[in-house]
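Taking it in order: structure first as structure tokens, then the write-up.
The values are calculated or read from the model by the stated rules, or taken from the named source; none is laboratory data. All values reported here derive from a predicted model rather than from experimental measurement. Quick reminder, even Gly has a Cβ in these numbers, built from the backbone with ideal geometry, and neighbours come from all protein chains shown.
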Amino acid sequence: MATRRVLITFPAGLAGKPLTYSLVKEFDLVINILFARITPNEEGKLILEIGNSSLEQVEQGINFLRSQGVQVETLARAISWNEKECIHCGACTAVCRPKALALDLDSWELSFDQSKCIICGLCTTACPLGILKETF
């Protein structure tokens, strides 16, 4: 499946418009909401992972969002983790709201699920060894 991670920012007037519904219904896209901050009558932000078997279909959905007055930015950033140097202290898990970084309670081993990461960067400052880094 072809996927793109995007940050969409929409003006206050579009907060009530069913944009993600349109992406699913009209463009046959799979939508995974990774982060959302939506307040009525205020600017809203969503980080979405948008997927389909066709990258062309994904692009059509993104173009639809733009035609509705939504600002769309492709997320090219990622968080990298040097597992070999990690001491599994868990400091990063305290700031990881989407639970992309987690400690296994049986083995006390840290795991990193990149698919849950919203690339907020908080873990990079929480890591005492500096082995979590933001890449572009």
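So that you can scan it fast, the table gives a plain yes or no per residue for (1) more than 27 Å from Lys99 (Cβ to Cβ); (2) surrounded by fewer than 18 Cβ atoms within 10 Å (Cβ to Cβ); (3) free of Cβ contacts under 8 Å to residues at least 60 places away in the same chain:
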site	(1), (2), (3)
Val30	no, yes, yes
Leu34	no, no, no
Gly44	no, no, yes
Leu48	no, no, yes
Ser54	yes, yes, yes
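Every test in (1) over 24 Å from Ile8 (Cβ atoms); (2) assigned by TED's automatic domain parsing to the domain that holds Pro11 is passed by Asn82 save one, and that test is (2).
Of the set (1) in contact with a Lys or Arg (Cβ under 7 Å, 6 or more places away or on another chain); (2) closer than 14 Å to Arg5 by Cβ, all apply to Leu65 but (1).
Of all the numbered requirements in (1) more than 30 Å from Ala15 (Cα to Cα); (2) modelled with pLDDT under 95; (3) in contact with a strand residue (DSSP E or B) (Cβ under 8 Å, 6 or more places away or on another chain), Leu105 misses one, and that requirement is (3). Taken as a whole, the condition of being outside the structural domain of Leu129 (by TED's automatic domain parsing), over 30 Å from Thr125 (Cβ atoms) and either exposed (fewer than 15 other Cβ atoms within 10 Å of the Cβ) or not β-branched (Val, Ile, Thr) (or both) applies to Gly69. The residues listed here are Cys120, Cys89; of these, the one that is part of a loop (DSSP other than H, G, I, E, B), surrounded by 14 or more Cβ atoms within 10 Å (Cβ to Cβ) and within 12 Å of the chain's Cα centre (by Cα) is Cys120. Considering every residue within the range 32-48, establish whether at least one is of a type outside the set (A, V, I, L, M) and closer than 27 Å to Ile131 by Cα. Checked the range 32-48: at least one residue is of a type outside the set (A, V, I, L, M) and closer than 27 Å to Ile131 by Cα. Just so you know, in the range 92-117 the residues that are outside any loop (DSSP other than H, G, I, E, B) and polar (S, T, N, Q) include one that is nearest to Arg5 (Cα to Cα), and it is Ser115.
Among the residues making up the range 29-64, a single one is assigned to a helix (DSSP H, G or I) and in contact with an Asp or Glu (Cβ under 7 Å, 6 or more places away or on another chain): Gln57. When the range 15-28 is limited to residues that are crowded, with 17+ Cβ neighbours inside 10 Å and not aromatic (Phe, Trp, Tyr), the one that is modelled with the highest pLDDT turns out to be Leu23. Considering only residues that are acidic (Asp, Glu) and surrounded by 11 or more Cβ atoms within 10 Å (Cβ to Cβ), look in the range 92-117 and name the one that is nearest to Ala36 (Cα to Cα). Filtering first and then ranking leaves Asp113.
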